Each structure stands twice: as C-alpha cells, then as structure tokens.
Amino acid sequence: MQSCIHLLNDFCADTETFSFRKLALLRLRGLPLRVNAELRELTMVASTEEDYQTVQWHLNPSKRLYQLLGMHFKKVHIVFGIPNDPIENDMHLETLSLTESACSTDLRSANSVGARLRRGLNVVLQGHIAALWLSDDDDIVHFKKLWKRGRITQLIEQHGIMHSYEAGGKLVKLWKSPSPEGESFAITIK
C-alpha cells in the first residue's frame, strides 16, 4: 500500500505532466482509483480495514498526499470494494473536501534525476514499465551515481528489476518480470 501512496504522491506532484486521463489509466495494485475529471473528484477503493486506515491517515491536511490531491481535486471519496466486483457493490465510507493544497513552490523538484528515478522505481514496483529520459550528460552522470546507491541496488535485487540503456544512454528502461495478468503500461518519465 505504501508504494501505491508514494506513486500517487509522485504522480500528483509532477504538475507539468499531470492529467486526469493518465491518472485514470494508472493501475495501482491494492488501491484502485476512479477519476471524475468533470467534477474534480477522486474515488479511492480500499479492500481491507488496514488499507482504509492507511489511506485515511494519508488524507490528513498535514500530509503530503492530501495537499497534492488538493491541487487537482475538490473531493476524495473512500469506498470499500472487493477487487473485480462491480462498482455498484462498493460501500461508501467517507468523503473529504480538500480545502488545502500545496503550492508548487512548496514541492520538491519533480524534474530532478532523483525524483524521476524514484517515480520510475515506483512505476516498476506496480508492475508497469518505466522509460526514464535523461536530458544531458550531467543527468546521465547523476543517474549512474544514484544507481550505485545501496538502497537502489537493494530494491533492484530484491524485486528483480531489470534495465536497459537506449538512445546513447539517454533513455533508461526499467521493468520486472511480467505480472501474472500479463498487462502492463509503459510510462514515460521526462
């Protein structure tokens, strides 16, 4: 659940590329989302009491997720649902009006190499493919330094994350073994 929250944080923090359509297509394991762009409302589906408590804890006005969602949405609905059950069977738990939002100057740079690598790894941990674009030689050098860090190598080994370099080293593709469903999206991070 925490990787879902982190990926949602990163997705909403990237204000330059955020879109309701992309968020609606994003498939988070353990936290299905339903986006109503017209009303600017997000529905988060919890399937266990523990997931509900985690989502509720992150939707506190002092938390980053609450503030980031407030930049894009007016309301968040939390419902209890069973995976693959029809929407009509979901049980409404609560609705939150998002009254506070982060201002873009309060956010970490979503375009730094570290932030893009973090988003890429979160994407891969959700079973998707990440394509990370590095804009210049400085980005490539910084990426290679980050790639050698202990926490990164631990994640790579622990989750069997694979990578390849293309376009003269400026494109890094990250993925892990195909999911049992065989479905994954390629998500480009610029």
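The values are calculated or read from the model by the stated rules, or taken from the named source; none is laboratory data. Given the structure is predicted, the values throughout are model-derived calculations rather than measurements. With ideal geometry, Cβ positions are generated from the backbone for all residues, glycine too; neighbour counts draw on all protein chains shown.
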**Prompt:** Restricting attention to region 134-152, which residues are within 13 Å of ARG118 (Cα to Cα) and either aliphatic (A, V, I, L, M) or surrounded by 12 or more Cβ atoms within 10 Å (Cβ to Cβ) (or both)?
**Reply:** PHE143, LEU146, TRP147, ARG149, ILE152
**Complete:** Among helices (runs of 4 or more DSSP H) completely within region 71-190, the ones holding 3 or more residues that are farther than 30 Å from GLU50 by Cα and either basic (Lys, Arg) or at pLDDT below 85 (or both) are 137-147
**Prompt:** Within region 123-178, which residues are of a type in the set (Phe, Trp, Tyr) and closer than 22 Å to HIS6 by Cα?
**Reply:** TRP133, PHE143, TRP147, TRP175
